[in-house]
Amino acid sequence: MTVIDDYLTRVSEPQRSVLLELRKVILELIPEAEECISYQVPCFKVNGKGIAGFAPYKKHNSYFPFSGQVFKAIPDEVADYVTTDGALHFALDKPLDPALVKRLIEVRLSQAF
């Protein structure tokens, strides 16, 4: 069992299933990613840099790009979501669109390397 598996065992449904789906999409896009916990949330690192992460909250799930510049680079693509400098909030019971996840990861990777 990985640290992310252990983390997700403590998450209630429907959030667990939504976050498991997000994890699957992330790993399909960056299969070389190291799975770990960073800043107390599941994180996917490439060459030691956080590229993507997520966490459940009471009223939403959050996606973390581990950079304050990702959302600023694609404002139109994240306009339908509540964003902070470091998080994109999405529904408790509905996965993020895989195309958006792909775009978020592409932008983060382009900025990181």
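The values are calculated or read from the model by the stated rules, or taken from the named source; none is laboratory data. Not measured: the values here are computed from a predicted model. Don't worry about glycine lacking a Cβ; one is built from the backbone with ideal geometry, like all the others, and counts go over all protein chains shown. Remember, those area values only see protein heavy atoms, side chains included, never the ligands or the DNA or RNA. Shrake-Rupley method; radii C 1.70, N 1.55, O 1.52, S 1.80 Å.
Right, Y81: farther than 20 Å from F113 by Cα and open to solvent by 10 Å² or more (accessible area, probe 1.4 Å) or not? Lay out the reasoning, then the answer.
Working: farther than 20 Å from F113 by Cα: yes; open to solvent by 10 Å² or more (accessible area, probe 1.4 Å): yes.
Here the answer is yes, as Y81 does meet what is asked.
What number goes with the only condition from (1) open to solvent by 50 Å² or more (accessible area, probe 1.4 Å); (2) at pLDDT 95 or above that T2 does not pass?
Single failed check for T2: (2).
Take the conditions in contact with a helix residue (DSSP H, G or I) (Cβ under 6 Å, 6 or more places away or on another chain), open to solvent by less than 20 Å² (accessible area, probe 1.4 Å) and among the aliphatic types (A, V, I, L, M) and apply them to V25. Does it pass?
Values: in contact with a helix residue (DSSP H, G or I) (Cβ under 6 Å, 6 or more places away or on another chain): yes; open to solvent by less than 20 Å² (accessible area, probe 1.4 Å): yes; among the aliphatic types (A, V, I, L, M): yes.
So V25 passes the test.
Determine which member of the set L19, L96, L104 is in a loop (DSSP other than H, G, I, E, B), buried (at least 16 other Cβ atoms within 10 Å of the Cβ), under 13 Å from the mean Cα position of the chain (by Cα) and at pLDDT 95 or above.
Sole residue among the options that is in a loop (DSSP other than H, G, I, E, B), buried (at least 16 other Cβ atoms within 10 Å of the Cβ), under 13 Å from the mean Cα position of the chain (by Cα) and at pLDDT 95 or above: L96.
Assess whether K45 counts as being assigned to a loop (DSSP other than H, G, I, E, B) and closer than 24 Å to R10 by Cβ. Step through it out loud before you land on a result.
Values: assigned to a loop (DSSP other than H, G, I, E, B): no; closer than 24 Å to R10 by Cβ: yes.
Against the criterion (assigned to a loop (DSSP other than H, G, I, E, B) and closer than 24 Å to R10 by Cβ), K45 does not qualify.
Answer yes or no as to whether G50 is closer than 14 Å to I30 by Cβ and of a type in the set (G, A, S).
Answer is yes for this residue.
Can we say F66 is outside any loop (DSSP other than H, G, I, E, B) and either buried (at least 18 other Cβ atoms within 10 Å of the Cβ) or modelled with pLDDT under 95 (or both)?
no
Taking A87 as the residue in question, decide whether it is at pLDDT below 95 and open to solvent by less than 30 Å² (accessible area, probe 1.4 Å).
When the stated conditions are applied, A87 does not pass them.
Would you mind stating whether E35 is exposed (fewer than 14 other Cβ atoms within 10 Å of the Cβ) and either under 13 Å from the mean Cα position of the chain (by Cα) or not in a strand (DSSP E or B) (or both)?
Spelling it out, it is not the case that E35 is exposed (fewer than 14 other Cβ atoms within 10 Å of the Cβ) and either under 13 Å from the mean Cα position of the chain (by Cα) or not in a strand (DSSP E or B) (or both).
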